[in-house]
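One structure is given here, and the rest of the page talks about it.
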Amino acid sequence: MGADFVVIRHASAGVPYCLSKILKASVINAGDGANEHPTQALLDMFTIKSSKGGIEGLTVAIIGDIAHSRVARSNIYGLIKLGAKVRLIGPPTLIPSGIKEFGVEVFNSIEDGIHDADVIITLRLQLERQGKGFLPSVNEYFHLYTLTSRRLKLAKDDVIVMHPGPLNRGVEITSKVADSSHSVILEQVTNGIAVRMAVLYLLTGARENA
Amino acid sequence: MLKQFFIKNGHIVDPSQGINSTGEIFIENGKIKSVKVSKSQSVKDSDTKKVIDAEGLYVFPGFVDMHTHLREPGFQHKETIRTGTLAAIKGGFTSVCPMPNTNPVNDNEAVTEFILRKNYSEGSCYIFPIGAVTKGQRGEELAEMWMMKKAGCVAFSDDGMPVMNSLIMRRALGYSKIFDVPIISHCEDINLSDKGVMNEGKLSTLLGLKGVPCASEDIMVARDIMLSELTGGRLHIAHVSTKGSVRLIRDAKERGIRVTAETCPHYFSITEAAVKDYNTNAKVNPPLRRDEDIEAIKEALKDGTIDVIATDHAPHHTDEKMLEFDRAPSGISGLETALGLSLRLVEEGILTIEGLIGKISLNPSKILGLEKGTLKAGADADITIVDMKKEHKVEAERFESMGKNTPFEGWVLKGRTVMTICKGNIFEIS
């Protein structure tokens, strides 16, 4: 067909990579399994940069199901590369093994983990995780890891709160926090369009002219 | 409740402070105010206050049983919180940790709160409940451990119903790291046990009873050690009964894995020979083993491989035990014989008296993070006074416990609790 781009989202990790080896077209990974979600990380970092003026030196806390999150992995790679300190917060059952070797700090306590954070990224809790042994119940998760206004006070005064969407309101984040002045969740949605346009743009003639 | 009193002239043994000598303890408002070990002091105002003369007696920090079945809620025909804690006091225990296999199972904060509230109104000693690892002890889904911890649980265990699914056990050990409490494992491969009722060997064949091989325990000890190593979670092995378990735990400790272990008096006092007459009071899970296992367990107590002596007090109704051997429930009523049986280890030179007190008081407190097992100033005045020379015959009919199921009936034991002080009350034991 002679397509210039293949945008692929796939349930299996590594599919975009394998595809890129056999296609002449540019392959854009729109999320592969629990591996990566590069455009989400790009738009997250763009959002942080817009709010904070830069990324270097910031403390970014990512809360939740890190083990199954492609968003978390891409953000870890990107944020560390740009000089942020990355903290991961979650129950040990949802923290993937070997993750400390990526250069992050791991916290099992949300209170410890979000202390003095500049940026908090909450992740969607896949509700089907309970009953699989990862978590006793959503109720207990709420008590331990939900980002509430009370906990938010432990972070810096000008902390921004992010979420890749869609939200489980009252599970990983309360509505009060999601709709507060700290929240940049809607900016993330808007920036997503711009960032993805930019990706496509850079992969066309723009790259050759650059 | 006496506001202030002294215990004088007793021989105090308190491993938490390295005390092993004659001395005096001053108690005020249910707390230990001071401990003095020099003989020369004479507290003048002691004349005006109540004095307990412990001349010729030993004074210990109250014992802590980290493995008890109190049967309430649900099985009050076997035991209640009221009778179980009275049995504890009689045995010298001031804190007991009831296992969650009640009905309903203690797998949520409401049951934990019920147990604590019940003990508040009816109990004689402290209770630190152990919550279930999985909902209904079914081994399928994690129970709400954090909420139970908040309600007062100090550890988690599916005691009696081993977590057969290694993935669930992995998750439990991982999850427990959030609040750093131990997962207590009843190590038994249910498939391998295959409804066996006693130790597997010549005797089981002779009796025509189905046996449980030692490997049934050893395999799970090995698995759980590996899962503890994998997750970094704290593992406590319940009721060690085999030589093989001892070897595995010793090796794990040498390798720095976060594992601790307990055994029970029956596992170092009697062998499978006790079931010879189809005596259901000697039916226990894990089953009584062989001489070589007893030797290994004694060695492990001596070198510290086994940290704790717990009772696994498992009372049953007399009618339930009066059944065919293979149909009778497992368990021994142990709170009131534990001290006498354990003191035999001191007599044999296997443990020093400090060593023994460590294993029934300080060590379980440390493992569970309790502020117990010590006579330090400021601690609750949980004190057990023992006449080390007093011989007494075990007579189950005289147990405070409703469970009269003991294989030690008629044994003459040396060393007996004569007074237990707990929650500000002084219990004189006749």
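Please compute the average number of Cβ atoms from other chains found within 10 Å of each residue's Cβ in peptide B:141-152.
4
State which entries of B:Lys135/B:Lys359; B:Lys177/B:Lys376; A:Lys85/A:Lys132; B:Lys8/B:Lys302; A:Lys52/A:Lys81; A:Lys85/A:Lys153 exceed 25 angstrom in Cα-Cα distance in the structure shown. Intermediate results must be reported in sequence, preceding the final value.
On the way: B:Lys135/B:Lys359 31 Å; B:Lys177/B:Lys376 29 Å; A:Lys85/A:Lys132 31 Å; B:Lys8/B:Lys302 31 Å; A:Lys52/A:Lys81 17 Å; A:Lys85/A:Lys153 20 Å.
Listed pairs above 25 Å: B:Lys135/B:Lys359; B:Lys177/B:Lys376; A:Lys85/A:Lys132; B:Lys8/B:Lys302.
If you keep only loop residues by DSSP, which trypsin sites (Lys or Arg not before Pro) in segment A:108-210 have at most 11 other Cβ atoms within 10 Å of their Cβ?
Numbers: sites: A:Arg124, A:Arg129, A:Lys132, A:Arg150, A:Arg151, A:Lys153, A:Lys156, A:Arg169, A:Lys176, A:Arg196, A:Arg207; in loops: A:Arg124, A:Lys132, A:Lys153, A:Lys156.
Counting only loop positions with at most 11 other Cβ atoms within 10 Å, the trypsin sites (Lys or Arg not before Pro) in segment A:108-210 are A:Lys153.
Calculate one ³J(HN,Hα) per residue across segment B:209-220 by plugging θ = phi - 60° into the Karplus curve 6.51 cos²θ - 1.76 cosθ + 1.60, and present them in order as whole Hz with x for glycine and proline.
9, 6, x, 10, x, 4, 4, 4, 7, 4, 4, 6
Place the peptides B:60-73, B:307-320 in order of packing, highest mean first, counting for every residue the other Cβ atoms within 10 Å and averaging per peptide. Write out the running numbers ahead of the final one.
Details: B:60-73: 28.1, B:307-320: 24.4.
Ranking the peptides B:60-73, B:307-320 by packing returns B:60-73, B:307-320.
For B:Asn285, list long-range residues whose amide hydrogen, built 1.01 Å from N in the peptide plane, is under 5 Å from its own amide hydrogen.
For B:Asn285, the qualifying residues are B:Gly331.
I need the phi-derived Karplus couplings for segment B:367-377: 6.51 cos²θ - 1.76 cosθ + 1.60, θ = phi - 60°, integer Hz, Gly and Pro marked x.
4, 8, x, 8, 8, 10, x, 8, 10, 4, 3
Have a look at the DSSP beta bridges in the protein assembly as shown and tell me what percent are antiparallel, nearest 5.
Values: 33 of 84 bridges.
Of all bridge pairs located within the protein assembly as shown, approximately 40 percent are antiparallel.
I'd like the orientation of helix B:338-347 relative to chain B: the angle between its Cα long axis and the longest Cα principal axis, in ° from 0 to 90, rounded to 10.
With rounding to tens, the tilt is 80 degrees.
Specify the angular offset, from 0 to 90 degrees and rounded to the nearest 10, of the alpha carbon long axis of helix B:109-122 from the longest principal axis of the alpha carbons in chain B.
For helix B:109-122, the angle is close to 40 degrees.
If each DSSP helix of 4+ residues adds -39,500 (n - 2.57) and the sum is divided by the residues in chain A, what number results at 222 nm, nearest 500 deg cm²/dmol? Please list the in-between numbers first.
Details: 9 runs with 79 residues, N = 210.
That calculation yields -10500 deg cm²/dmol at 222 nm.
Residues with amide H under 5 Å of A:Asp32's amide H, sequence separation 5 or more or different chain, H placed in the peptide plane at 1.01 Å from N; which?
Amide H neighbours of A:Asp32, under 5 Å, 5+ apart: A:His10.
With a 10 Å Cβ neighbour count serving as the proxy for reagent exposure, in which order, fewest first, do A:Asp32, A:Asp4, B:Asp107 appear?
Ordered by Cβ neighbours within 10 Å, fewest first: A:Asp4, A:Asp32, B:Asp107.
At 222 nm, what helix-only mean residue ellipticity would chain B give, in deg cm²/dmol to the nearest 500, using -39500 (n - 2.57) for each DSSP H run of four or more?
On the way: 14 runs with 125 residues, N = 430.
Value at 222 nm, helices only: -8000 deg cm²/dmol.
Could you tell me which residue out of A:Thr174, A:Leu144, A:Gly133 lies farthest along the dipole of chain A toward its positive end? Charges go on the beta carbon: Lys and Arg +1, Asp and Glu -1, centred on the Cα centre.
Of the candidates, A:Gly133 comes out farthest on the positive side.
Can you give the relative contact order of chain A as a percent, counting alpha carbon pairs under 8 Å and 6+ residues apart?
Values: 365 pairs, mean separation 36.3, N = 210.
Dividing the mean separation by the residue count of chain A yields 17 percent.
Which of the trypsin sites (Lys or Arg not before Pro) found in segment B:240-333 are in a DSSP loop and have at most 10 neighbouring Cβ atoms, other than their own, within 10 Å? Walk me through the numbers before you get to the answer.
Numbers: sites: B:Lys243, B:Arg247, B:Arg250, B:Lys253, B:Arg255, B:Arg258, B:Lys276, B:Lys283, B:Arg289, B:Arg290, B:Lys298, B:Lys302, B:Lys321, B:Arg327; in loops: B:Arg255, B:Arg258, B:Lys276, B:Lys283, B:Arg289, B:Arg290, B:Arg327.
Sparse-neighbourhood loop trypsin sites (Lys or Arg not before Pro): B:Arg255, B:Arg327.
What number, in nm² with one decimal, is the all-direction average of the projected area of the convex hull of the alpha-carbon atoms of the protein assembly as shown?
Working: hull surface 140.0 nm².
Across all orientations, the protein assembly as shown yields a mean hull projection of 35.0 nm².
Just tell me how shielded B:164-172 is by partners: mean number of partner chain Cβ atoms within 10 Å of each residue's Cβ, no decimals. Please list the in-between numbers first.
On the way: counts 0, 1, 0, 2, 2, 1, 3, 9, 3.
Going residue by residue through B:164-172 and averaging, the value is 2.
In terms of the Cα gyration tensor, with a ≥ b ≥ c the square roots of its eigenvalues, is segment B:63-368 rounded because a/c is under 1.5, prolate because a/b exceeds b/c, or oblate? Show your work: numbers first, answer last.
Details: a/c = 1.23, a/b = 1.12, b/c = 1.10.
It comes out rounded by the Cα gyration axes.
For A:Leu88, enumerate residues with amide H under 5 Å from its amide H, sequence gap 5+ or separate chain, H modeled in the peptide plane.
Excluding prolines and chain starts, which carry no amide H, the hits are A:Ile62, A:Glu105, A:Val106, A:Phe107.
Over segment B:63-368, calculate the relative contact order: mean separation of alpha carbon pairs under 8 Å at least 6 apart, over the residue count, as a percent. Write down the numbers at each step before the final one.
On the way: 672 pairs, mean separation 51.5, N = 306.
Result for segment B:63-368 is 17 percent.
What does the average come to when, for each residue of peptide A:108-119, you count the partner chain Cβ atoms lying within 10 Å of its Cβ? Intermediate values should be presented prior to the final figure.
Details: counts 6, 2, 0, 0, 0, 0, 0, 0, 0, 0, 0, 0.
That works out to 1 on average.
Could you give each residue of segment B:5-16 its phi-based ³J(HN,Hα) in whole Hz, using Karplus coefficients 6.51, -1.76, 1.60 with θ = phi - 60°, and x for Gly or Pro?
7, 10, 10, 10, 6, x, 8, 8, 10, 9, x, 5
Compare the peptides B:15-22, B:113-120, A:160-167 by average per-residue count of other Cβ atoms within 10 angstrom and give them in order, highest first.
A:160-167, B:113-120, B:15-22
A short reminder: the numbers here are calculations on the coordinates, not readings from a lab. Nothing here was measured: the structure is a model prediction, and the numbers come from that model. Every residue, glycine among them, receives a Cβ derived from its backbone with ideal geometry; neighbour counts consider all protein chains shown.
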